[in-house]
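The values are calculated or read from the model by the stated rules, or taken from the named source; none is laboratory data. Everything numeric here is computed off the predicted structure, so don't read it as measured data. Virtual Cβ from ideal backbone geometry, glycine too; neighbours counted across all protein chains shown. Each accessible area value is taken on the protein alone, full model and side chains, heavy atoms only, with ligands, DNA and RNA left out. Shrake-Rupley method; radii C 1.70, N 1.55, O 1.52, S 1.80 Å.
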Amino acid sequence: MSARNFKRFAVMAFGLAGLVAGADAASAQSVVGKIKQRDYLSCGASQGVPGLSRPDEKGYYRGFDSDICRAFATAILGDKEKIRYVPLNAGQRFPALQTGEIDVLSRTSTITYSRELGRALRVDHALRHRWRSGA
């Protein structure tokens, strides 16, 4: 990915920061403040899915989900390498986000009615609609 495209990707990811631990602005600001104070992003990732997030032989995470984490780190901290990946299985991903163990969940997950109600996860549906409609 070129530096220019990566910057665009980072700006888009930062715009989606409302998805981090809740959709309201105060919650997102709190998470961003915590990340800045700690000086790294804690990113929930899969336990190794090729093309999405998988560490290579040197431990460097590669894939689309890993790039999402790098975009957040770039947008918040100005450095795409200030990340600590937390490998999570399907059962661990939402509790880790809810308890603050991770700042961002970049792992295969879908939005469902029962997840929003049963786990008290909040997602900014208006943002998703604007993305699809181009507004």
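Residues in the stretch 68-95 that are modelled with pLDDT under 90 and among the aromatic types (Phe, Trp, Tyr): Phe94 only.
Considering the stretch 68-87, and only residues there that are buried (at least 21 other Cβ atoms within 10 Å of the Cβ) and of a type outside the set (Val, Ile, Thr), the residue that is nearest to Gln37 (Cα to Cα) turns out to be Ala73.
Where residues in the stretch 88-111 are part of a helix (DSSP H, G or I) and among the aliphatic types (A, V, I, L, M), which of them is least open to solvent (accessible area, probe 1.4 Å)? Going through the qualifying residues, I end up with Ala96. Scanning the stretch 52-75 for residues that are over 17 Å from Thr108 (Cα atoms), of a type in the set (Ser, Thr, Tyr) and in a helix (DSSP H, G or I) yields a single hit, Thr74.
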